[in-house]
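Right, I'll just put the structure down here and ask away after.
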Amino acid sequence: MKQVILTGDRPTGRLHVGHYVGSLRERVELQNSGKYDDIYIMIADAQALTDNAEHPEKVRQNILNVALDYLAVGLDPEKSTLFIQSMVPQLPELTVYYMNLVTVARVQRNPTVKSEIQMRNFEASIPVGFLCYPISQAADITAFKATAVPVGEDQLPMLEQCKEIVRKFNATYGETLVEPEIILPSNKACLRLPGIDGKAKMSKSLGNCIYLSDEPEEIREKIMSMYTDPNHLRVQDPGQVEGNPVFIYLDAFCRPEYFDEFLPEYSGLDELKDHYRRGGLGDVKVKRFLNSVMQAELEPIRTRRKMWQGRLGDVAEILKAGCDTARATAGDTLGDVRRAMQIDYFENGTLTI
Ligand code: ATP
Ligand code: MG
């Protein structure tokens, strides 16, 4: 069977380091592994509109931002198809057919959607489109017959929903759709990177992000103001490493060679953590080290982003070509789906003269 990746991001802002460790870094590795026949990376503007209907300009402005972030981290248009969701009308058509295979109770049970509704104060006024976005996400995934979906942990319920739809569709209409597998980051710290404010998830909507395109000074200021262990008041106090965002970021970003380069008095992260737990190691020192690590990680990304920023015409061409490719693939799948459902009236004999 063909090995295919589909994944994407909502154009609701520039991409941040949570996206990077949760999904982007893995995507680039998978892209360069050569193990995949096709890779589709989608800018999910239609999904972003489900909770930004009054602000289409926000979504529009961020299409280029996300595309630049993609190219900046090393997604390569020669190897990956970058496209915009709403330019592929086959996706909403598939969504409509899938909606009939899911109950209202089932969409209301989705834990990620539930917490997002709470976060957006939607309780009494949930847009139908928002409640149903997991179904449209199933359409995105299955339209490309994706076998692998590299995403962060918050996407687990979406993948579960997608698999249920695939099974129901295949059982009802015959074997047509492919069940995808979720690919989560193997590094636990990357599953759900917390915000610089210590909140459980770094998220564009919460304003607690370090962006891939932040300038060095912004990165430094954000890191130096980061939430740490609130009980670690004096340097000599014992500190807590577990759940401490500064150490979670180090777990997510630090490579052994950074100790040789920036903090040679420690042999590695374990020794640094032990010292913090024991007491005698101040937050400022750890934050300075984290800043050096993050600057080293983000510098090449920022430089590549600036290079692409000077070639916006090429970026537009890349997206346009990607949309054409995506439409063709999704069109083939839609043909299979309509045939399986026997609603391909002009081909199946129903209406042939
Ligand atoms: P929004 O607030 O608009 O929902 P977001 O920051 O949650 O934005 P998405 O576009 O919804 O970003 O998510 C894109 C991808 O990044 C998904 O695969 C998601 O799992 C992953 N992701 C988002 N935030 C994090 C995080 N803090 N840690 C790890 N992965 C994340
Ligand atoms: Mg999100």
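The values are calculated or read from the model by the stated rules, or taken from the named source; none is laboratory data. Computed from a predicted model, the values in this text were never measured in an experiment. FYI the Cβ positions are ideal-geometry reconstructions off the backbone, even for glycines, and counts take in every protein chain you see. Note: areas computed on protein heavy atoms with side chains; ligands, DNA, RNA excluded. Shrake-Rupley method; radii C 1.70, N 1.55, O 1.52, S 1.80 Å.
Taking H as built 1.01 Å from N, whose amide H comes closer than 5 Å to the amide H of residue 183, not counting residues under 5 places away?
Residues meeting the amide H criterion: 149, 151.
Follow-up. Only sites in a loop by DSSP and with at most 12 other Cβ atoms within 10 Å count here; which GluC sites (Glu not before Pro) in region 144-245 make the cut?
Hits after loop and neighbour filter: 175, 242.
Between residue 125 and residue 197, how high is the FRET efficiency from 1/(1 + (r/R0)^6) when r is the Cβ-Cβ distance and R₀ = 30 Å? Nearest 0.05. Let's see the in-between values first.
Details: r = 27 Å, r/R0 = 0.90.
The formula returns an efficiency of 0.65 here.
Measuring from label point to label point, each 7 Å out along Cα→Cβ, what is the residue 114 to residue 33 span in nm?
With each label point 7 Å from Cα toward Cβ, the separation is 3.2 nm.
Where a Cα-Cα gap under 20 Å defines reach, which aspartates and glutamates qualify for residue 79, not counting those fewer than 8 residues away within the same chain?
Excluding near neighbours in sequence, the set is 9, 26, 29, 37, 38, 69, 140, 314, 317, 324.
Same structure, new question: Could you pull out every residue, at least 5 positions away or on a different chain, whose amide H is within less than 5 Å of the one on residue 40? Hs are placed 1.01 Å off N in the peptide plane, and Pro or chain starts have none.
Excluding prolines and chain starts, which carry no amide H, the hits are 5, 6, 7, 81.
Same structure again: What 222 nm value per residue comes from the helices of the chain, counting each DSSP H run with n ≥ 4 as -39,500 (n - 2.57) and dividing by all residues, nearest 500 deg cm²/dmol?
-16000 deg cm²/dmol
Please find, in a Gaussian network model of the chain (springs between Cα atoms separated by less than 10 Å), the residue of 103, 147, 12 whose mean-square fluctuation is greatest.
103
Among 115, 80, 203, whose mean-square fluctuation peaks in a Gaussian network model of the chain (Cα, cutoff 10 Å)?
For the chain, modelled as a Gaussian network with Cα springs under 10 Å, the answer is 115.
Next up: Using a 1.4 Å probe on the protein heavy atoms only, what accessible surface does residue 307 show? Give it in Å² to the nearest 10.
90 Å²
Please find, in a Gaussian network model of the chain (springs between Cα atoms separated by less than 10 Å), the residue of 69, 274, 154 whose mean-square fluctuation is greatest.
So, out of 69, 274, 154, the one fluctuating most is 274.
What's the extension gain from residue 99 to residue 236 if we count 0.36 nm per residue and subtract their Cα-Cα distance? Intermediate values should be presented prior to the final figure.
Values: separation 137, 0.36 × 137 = 49.32 nm, distance 5.86 nm.
Length gained, residue 99 through residue 236: 43.5 nm.
Moving on. Scan the chain and report its longest stretch carrying no chymotrypsin sites (Phe, Trp or Tyr not before Pro) that are both in a DSSP loop and have at most 14 other Cβ atoms within 10 Å.
Formally, the longest exposed-site-free interval is 1-344.
Right, next: Along region 308-315, what does the Karplus equation 6.51 cos²θ - 1.76 cosθ + 1.60 (θ = phi - 60°) give for ³J(HN,Hα), rounded to whole Hz, x for Gly and Pro?
In residue order, the calculated couplings are 5, 4, x, 10, 4, x, 5, 4 Hz.
What number, in percent, do you get for the relative contact order of the chain if the mean sequence gap of Cα pairs under 8 Å and at least 6 apart is divided by its residue count?
It rounds to 22 percent for the chain.
Using 0.36 nm per residue, how much length does the chain from residue 76 to residue 271 gain when fully extended, once their Cα-Cα distance is taken away?
Full extension of this stretch gives 66.4 nm more.
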